Every structure is written in C-alpha cells, then in structure tokens.
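Each remark here refers to the structure printed beneath this line.
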Amino acid sequence: MKEVFGYIVGLGAPVMMPIIFTILGVCIGIKLGKALKSGLLVGVGFVGLSIVTALLTTALGPALNSVVDIYDLQLKVFDMGWPAAASIAYNTSVGALIIPICLGVNLLMLLTRTTKTVNIDLWNYWHFAFIGALAYFATHSLLWGFFAAVICYIITLVIADFTAKKFQKFYKNMDGISIPQPFCAGFVPFAWVINKGLDKIPGVNKINIDSEGMKQKFGLMGEPLFLGVVIGCVIGAFARYELPKVLMLGVQMGAVMELIPRITGLFIEGLLPISNATKSLIDRKFKKSAGLNIGMSPALVIGHPATLVVSLLLIPVIILLAVILPGNEFLPLASLAGMFYVFPLILPITKGNVFKTFIIGLILLVGGVYIVTNLAPVFTLAAQDVYAMTQDTAVRIPDGFSEAAAIDFASSPFTWVIYHLTASIKIIGPVILGVCTLALMLVNRRAILRQHRQAEAEAELEAAEEAEAGNNQEK
C-alpha cells in the first residue's frame, strides 16, 4: 500500500488533480465532458503554478546561494521544500490510509453537525499524513501517528468553519467555499491575536495600506509587478551579479508576481462547476443543514495582490533574519515558493491591510524558522527512511548538511504543538489534545445549530410574508 501511494504522490498534483476531479464530477452528476474539462483546467492551473514557482526557486536559488557563499553563512538545516514533506507523508503507513480515514471522519462530523465543511481538497491531505508520519517516526506507533493526523484534520475543519464567512466576504466568487488546509489554518489563531494587539497600539492602528490603495497612491511603484522587479534586482545586487543578470532576475520576479493571479483564475474556472454541483448534491442529501461549505485548495486565492506584495517583501527580510537570529539553523530557500500559502486566511482577518499582514507574517515566520529548527531531527529521520525505501531524490539530503526540513508544513504552530503533545509528552499530552479537540467540536456544533435555527426562522418569516402577499392579491 505504501508503494502504491508513493507512486501516486510521484505523479504529482498536475496528474492527480484532473483524475480526482473528473471522477468526483461524474460521481456527483456532472456530465463526463464537463467534468473532464473542469479536471483538466485544475490540472493546467497546477502546471502553471508549478512552472511559476519553479521560476521563483530556480531564479532565486542561485542568487541566494551566492549570498550564502559570499557572506559565509553557516546554517546546517537544508531546505528541501514542500515536495519532500509530501513524499514523506505519502510514503508511510499513515499516508497509505489517510484519505479514506479522513473522509470517514469528515462524514461522521457532518452527521453529528460538528462541521459544515465537506473537504474535497484531496491533494492537500498530505498535510495530515505528514504530521501523522512525524508522530509515527518519533513514537514507533502507527496508532499515535493516526491520532495526530486525525486531531489535525478535525481542528482544521473547525477552523475552516470559523473562517468561512469572513473568507467568503473578503474574496470574490467564493460563496459556499472554505479552506480546510492546515498550513493556512494553523496560523489563524495567532494572526487573530496579533491583529487584535496591533489594533490596540496607538498610531499603528491608524495605518491602513491595501494593495489597491498602493496602486492609487504610488502608481506603477505600488504594483506587485514593479515590486517584484525591484526586489529581484536588490537580491541580484547582493549576490554581486553583473548588471544584465541583475535586470534579468528583476524581470523574472516581476513575471512571478504578474502571472500567479492570472493562473489562479484557471483554478476558479475549473473548480466552480465541481463546487456548485457538490453544493447542490449536499443540499439535497443534507436538507437539515444550514448551508454546508465545500473545502477547496488555498491555491484559489493566492493570486490576491496583498498576498503577492507581502510574500515578496518578506522574502529578503526573512532570509536576513534567518541568518542573524540566535539559535536558528534553517535558511529558507526552496520553501520560498510556498510563502504565498501563509496568507489566504490571514487577509480576511486584516481586511487586506498590507502593513498588518506584513507584521503578522513576519512574526509567524520568525517563529516558523525556530519551529523548523526544532523539528529538523525528526524530519531528517523520516526523510532518510523514505529515501532508503524509495530512492526518491526529493528527500535526499545533500552532502554538507546534517539535517533537513521545509517551511510547509513543518513551520506551522499546528505541527509543533500536535507533534510534541503526541510524541514528547506521554499520556497527558494526548489527553490535552483530545479534550481541546472535543471542546472545539462542541463549540462548533453549537454555532452550527444556532445558524440552522436562524435559517429556519428566516425561511418561516419569508414564507409567511409570501403567504400574506398572496392573500392581499386575492383580496
């Protein structure tokens, strides 16, 4: 089974997603041709994102490596990027069964009204398998591995419910959609607290910079495209490139900033028919629901201008801080392409305020590099085991590095808390996790039932008004 899932993850999202969404579309009643087109558009979107993010890493990688060499930076944890984490996730016994187990948990939560999210973002189930794999390698217990994965899945669904309304209000064309991806969801509680803290600081709470305001105030200089060019040129200059290479790096970074929003449009075009059909099916099957949400990939919204601007501004800042932070041993390189996925659920909290989003992102990423450093030993253990079994080059640690890790999903507070409460603090830790997770489910159930009662009351009022209008017409 592990070998089968290892082969599947080797196919990658561009191949997996068209197959998954075509089959899913047919199963929920969409005609084969339309389902196939939706699946292919999603696949094309993933190909486009892969090309653009590859451009980001291949263009920035050599420049950043030059910076490391020029300034003699000594950081021993190698950045493998998210593909290595996904390979670790699916090439274990936890990963082999994670999709059916999590789908069963999702169904049970729907039936008990402890969630309103139907999570069809199947590719990103690797995140749940990843935290389960770390717990499995640390405890040598498959049971504790599945425990950590399921706990992460449940909490992610609850956070997806809590954030759905703000998410749908902030982003366009996202009605009925939520984001149950734990890398995004793991930052939500901390972002909420930091945002509240910023609101209480005099002067700081008056700063409101949004991406549209930047365009209007600064013209071309406020455009993500222009910022990409500037940041690329600055990094090229620090790498001591010649002028033509400096300008080329600037143009490449500008291309990344310009192309990502255009590519995410393909995701929306491909996923909306699936989303609408799924929602119609759910409304028929779950007639007592107060409007369920379809769980989708955050790739739908990473093209938002504020996400692009903040991500690009943070790249040089977090690299500099990673070098000077005491106790940190991780330098983000390959993981920089995943920077965009930190912010999809943060922007609705900050209402797109670039300044507040930047501050929150900076704090979270500083904490993230320490989390990555802390988890590097178990990440390395898992990577070495998977490489010995599969010879997958994505998890091969290069010579000169003693350990490896990645920002996604190893820098998330979710990963750190769930891992240590499961693997480091025996008995008491899992009890704390279980009690807190159950409490969150009950709080969410209460909110869902309240929304259901409100929906019923509104429906009854609307029916009464229509009946009264009909009686008046007859008279």
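The values are calculated or read from the model by the stated rules, or taken from the named source; none is laboratory data. None of the values given here were measured: they were computed from a predicted structure. As a convention, Cβ positions derive from the backbone with ideal geometry for all residues, glycine included, and neighbour counts pool all protein chains shown. These accessible areas exclude ligands, DNA and RNA; they are computed on the full protein's heavy atoms, side chains included. Shrake-Rupley method; radii C 1.70, N 1.55, O 1.52, S 1.80 Å.
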Item to check | Distance between modelled label sites at residue 196 and residue 165, nm, 7 Å Cα→Cβ extension | outcome: 1.6
Checklist entry - Given H placed on each backbone N at 1.01 Å, which residues far from residue 404 in sequence or on other chains put an amide H within less than 5 Å of it? => result 78, 380
Item to check | Read-out Rg and Dmax of the Cα atoms in Å, derived from the coordinates shown; its label in [x] 22.2, 71; [y] 23.5, 81; [z] 23.0, 89 | outcome: [z]
Next on the checklist: I'd like the orientation of helix 243-285 relative to the chain: the angle between its Cα long axis and the longest Cα principal axis, in ° from 0 to 90, rounded to 10.
Outcome noted: 20
Item to check | Of 246, 89, 148, farthest towards positive along the dipole that unit charges on Lys, Arg, Asp, Glu beta carbons give the chain | outcome: 148
Checklist outcome for this item: Quick shape summary for region 318-467, equivalent ellipsoid via Cα gyration tensor, semi-axes whole Å in descending order, reads 41, 22, 16
Checklist entry - Using the eigenvalues of the Cα gyration tensor, what equivalent ellipsoid semi-axes result for region 16-168 when each is taken as the square root of five times the eigenvalue, whole Å, largest first? => result 32, 24, 15
Item to check | Rg/Rh (Cα only; Kirkwood hydrodynamic radius) as it applies to region 342-398 | outcome: 1.23
Next on the checklist: Largest first, please: the extent of the C-alpha atoms of region 277-391 along each principal axis, to the nearest Å.
Outcome noted: 55, 45, 20
Item to check | Placed amide H near residue 293: partners under 5 Å, 5+ positions off or other chain | outcome: 117, 118
Checklist entry - At what distance in angstrom do the alpha carbon centres of region 240-281 and region 309-362 lie from each other? => result 18
Checklist entry - Can you work out ³J(HN,Hα) from phi for every residue in region 36-48, in order, using Karplus 6.51 cos²θ - 1.76 cosθ + 1.60 and θ = phi - 60°, giving whole Hz and x for Gly and Pro? => result 5, 4, 4, x, 5, 4, 5, x, 4, x, 5, 4, x
Item to check | Projected-area mean, region 126-247, by convex hull of Cα positions, square nanometres | outcome: 12.9
Item to check | Rounded accessible area per residue of the chain, 1.4 Å, Å² | outcome: 45
Checklist outcome for this item: Taking 25-36, 323-334 and ranking on average Cβ neighbours within 10 Å, highest first, one gets 323-334, 25-36
Checklist outcome for this item: Under 5 Å from the placed amide H of residue 209, counting only residues 5+ away or on other chains, we find 354, 355, 356
Item to check | Per-peptide average of other Cβ atoms within 10 Å, ordering 117-127, 415-425, 312-322, 446-456 highest first | outcome: 117-127, 415-425, 312-322, 446-456
Item to check | Share of carbon and sulfur in the accessible heavy-atom surface of the chain [1.4 Å probe, %] | outcome: 65
Item to check | Calculated from backbone phi, Karplus (6.51, -1.76, 1.60) coupling profile of region 231-242 in Hz, x at Gly/Pro | outcome: 4, x, 5, 5, 5, x, 5, 5, 7, 6, 6, 6
Checklist entry - Quick one: what does P(r) look like for region 373-412 with 10 Å bins over all Cα pairs, in whole %? => result 31, 57, 11
Item to check | Per-residue HN-Hα couplings for region 338-354 [Karplus 6.51, -1.76, 1.60; θ = phi - 60°; Hz; x = Gly/Pro] | outcome: x, 4, 4, 7, 6, 9, x, 9, 7, 4, x, 6, 8, 6, x, 5, 4
Checklist entry - Where does each of 182-188, 393-399 land if you order them by average Cβ count within 10 Å, highest first? => result 182-188, 393-399
Next on the checklist: If I fit a long axis through the Cα atoms of helix 93-111 and take the longest principal axis of the Cα atoms of the chain, what angle between them do I get, 0 to 90°, rounded to 10?
Outcome noted: 30
Checklist entry - Alpha carbon centre of region 409-429 versus region 53-113: separation in Å? => result 17
Next on the checklist: Can you give the FRET efficiency to the nearest 0.05 for residue 389 and residue 111, using r as the Cβ-Cβ distance and R₀ = 41 Å?
Outcome noted: 0.65
Next on the checklist: From the helices alone, meaning DSSP H stretches of at least four residues, give me the mean residue ellipticity at 222 nm for the chain, per-run term -39500 (n - 2.57), in deg cm²/dmol to the nearest 500.
Outcome noted: -24000 deg cm²/dmol
